[in-house]
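Here is the structure we will look at, set down as structure tokens.
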Amino acid sequence: MEDKKNPVYSRTDTSKVNMAEEEWKKVLPQKVYEIAREKGTEWAFTGKYWNSTEKGTYYCAACGNPLFVSDTKFESGCGWPSFYQPISKTSVLYTPDNTHGMQRTEVQCGRCKAHLGHVFDDGPPPTGLRYCINSVILDFDKAQAAEKKFDKDKGAATKEKE
Ligand SMILES: [Zn+2]
């Protein structure tokens, strides 16, 4: 995680996280908080992963839960990282979202219920689904360089000013 101490962040602990909103606000970087807890959406084509083709695993940036692997990522052209399948059935939760005059299905982290994005039924085989996810709520680890968890890009990102 970034500067602030996040007591629930773990890539191995699968127990559900239930933390008060004010606590989340303290431990998450502002940008992550806005997406995860306030259901914000980053601008299309601005996130760090929408066009990434690197091999590795995507984790929840709020709690560390493994969400997607790069093998299920595809080029959707929508401007957000898109996947056709989560790592497991319990990786994510689904909630009807009828805001903004649309009928959509919200995707939340299965461990901490962070807002991740939405799922649509216009994806490729084998699932036909498109999980359209905000880059901000994803932490990525390269398959071949997992030990370099906090590489240069990540260090630079944490220094960004709001
Ligand atoms: Zn999470």
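The values are calculated or read from the model by the stated rules, or taken from the named source; none is laboratory data. Given the structure is predicted, the values throughout are model-derived calculations rather than measurements. Here the Cβ is made from the backbone with ideal geometry for all residues, glycine too, and neighbour counts use every protein chain on show.
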Give just the number: which of (1) touching a residue at least 12 places away in the same chain (Cβ under 8 Å); (2) in contact with a Lys or Arg (Cβ under 7 Å, 6 or more places away or on another chain); (3) not charged (D, E, K, R) does residue 19 not satisfy?
(2)
Evaluate the following for residue 49: is it modelled with pLDDT of 95 or more, among the hydroxyl-bearing types (Ser, Thr, Tyr) and outside any helix (DSSP H, G or I)?
yes
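Report yes if some residue within the range 54-68 is outside any helix (DSSP H, G or I) and without any contact (Cβ under 8 Å) to a residue 40 or more places away in the chain; otherwise report no.
Filtering the range 54-68 for residues outside any helix (DSSP H, G or I) gives 54-68.
Restricting the remaining residues to those that are without any contact (Cβ under 8 Å) to a residue 40 or more places away in the chain gives none.
Looking for residues that are outside any helix (DSSP H, G or I) and without any contact (Cβ under 8 Å) to a residue 40 or more places away in the chain, one finds none in the range 54-68, hence no.
Of the residues that sit in the range 79-106 and are in contact with a Phe, Trp or Tyr (Cβ under 8 Å, 6 or more places away or on another chain) and part of a loop (DSSP other than H, G, I, E, B), which one is farthest from the ligand (Cβ to nearest atom)? Give the steps one after another, and end with the answer.
At the first step, the residues of the range 79-106 found to be in contact with a Phe, Trp or Tyr (Cβ under 8 Å, 6 or more places away or on another chain) are 79-87, 91-92, 104-106.
Right, trim to part of a loop (DSSP other than H, G, I, E, B) and you get 79-81, 84-87, 91.
Details: 79: 23, 80: 18, 81: 16, 84: 20, 85: 18, 86: 12, 87: 13, 91: 10 Å.
Checking each candidate, the answer is 79.
Which one of these is of a type in the set (D, E, K, R) and under 16 Å from the mean Cα position of the chain (by Cα): 26, 5, 16, 89? Break it down stepwise before answering.
Working: 26 fails: under 16 Å from the mean Cα position of the chain (by Cα); 5 fails: under 16 Å from the mean Cα position of the chain (by Cα); 16 fails: under 16 Å from the mean Cα position of the chain (by Cα).
Matching residue, one of 26, 5, 16, 89: 89.
So, in the range 50-75, exactly how many residues are among the hydroxyl-bearing types (Ser, Thr, Tyr), surrounded by 18 or more Cβ atoms within 10 Å (Cβ to Cβ) and more than 16 Å from the ligand (Cβ to nearest atom)?
Pass one, the range 50-75, residues among the hydroxyl-bearing types (Ser, Thr, Tyr): 52-53, 57-59, 70, 72.
Checking which are surrounded by 18 or more Cβ atoms within 10 Å (Cβ to Cβ) leaves us with 57-59, 70, 72.
Checking which are more than 16 Å from the ligand (Cβ to nearest atom) leaves us with 70, 72.
Total meeting the criteria: 2.
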For the range 107-142: of the residues being charged (D, E, K, R), surrounded by fewer than 23 Cβ atoms within 10 Å (Cβ to Cβ) and part of a loop (DSSP other than H, G, I, E, B), which is nearest to the ligand (Cβ to nearest atom)?
113
Specify the residue that is surrounded by the fewest Cβ atoms within 10 Å (Cβ to Cβ); the eligible residues are those in the range 20-37 that are hydrophobic (A, V, I, L, M, F, W, C) and assigned to a loop (DSSP other than H, G, I, E, B).
20
